[in-house]
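Asks: This is the structure, below, for whatever I ask next.
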Amino acid sequence: ATLDIMDKNTMTTIENFHHVGLPTNMEAVLVLEVDGFKESVAVQTQQIIDICNKFGAKNIRVSQNQQEADELWFARRSAFGAVARLRPNVLTEDAVVPRDKIPEFITKTREIFDRYNLTVCIMGHAGDGNIHPNVSLDLRNKEEAENFEKAAEELFDTAIELGGSLSGEHGIGMLKSGFMRKALDENSIKYMKEIKKLFDPKNILNPGKIFNE
């Protein structure tokens, strides 16, 4: 089973790249897929429809055959490529928030990048709260590059404030290492260092990439 989300900017960008009939007049869309035996799928589908109606979904579209389903997933998978066509560069961030905080996180993410005059297309895996803001920009433009760094910092702060974490899939890496003390307590970082030392006593595996001291 799958539960993904795409915001309005993402849908509009995809539609300009490959028309599949996404509802670009909506603020966001959920793409759900269930699997199993035919009877089970029918029951699950009806349960999903009932839940969506209960919480005010504006439009519910059920694929009638495999081709329709494939077209929807093609649209979702082509999102990054479509965004990449907008500007010379696209940078994808990765943060996780509790599922009931997804609407607030998406709203605040838009506000952050709008404030820095950067185009952001938001998509992700709503089933586990893993959200990917894809930012379209030109890294040759110093101001845009600096604005992205500032916006990314606010994005991570927002995720942490909402009870989330810095990454769900892409890892911490060098970009987010400076935020670890905001997301984790000192004991957690201490244990990470001890585990690193246990497996790498000579500090030859990526020295200084995460823990500089």
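Asks: To the nearest 20 debye, what charge dipole does the chain have about its Cα centre, counting +1 at the Cβ of each Lys and Arg and -1 at the Cβ of each Asp and Glu? Kindly include the intermediate steps, with their values, before the conclusion.
Replies: Values: 26 positive and 33 negative charges, 81 e Å.
Using Cβ point charges on Lys, Arg, Asp and Glu, the chain gives about 380 debye.
Asks: Note down the net charge around residue 107, summing +1 for each Lys or Arg and -1 for each Asp or Glu among other residues with Cβ under 11 Å from its Cβ.
Replies: Residues near residue 107 contribute -2 overall.
Asks: Let me have the 222 nm mean residue ellipticity of the chain computed from DSSP H runs of 4+ only, each contributing -39500 (n - 2.57), with the sum over all residues rounded to the nearest 500.
Replies: Only helices count here, giving -14500 deg cm²/dmol.
Each value in this text was obtained by applying a stated rule to the coordinates, not by laboratory testing. In this text the structure is predicted, and so the values were computed from the model without any measurement. Virtual Cβ from ideal backbone geometry, glycine too; neighbours counted across all protein chains shown.
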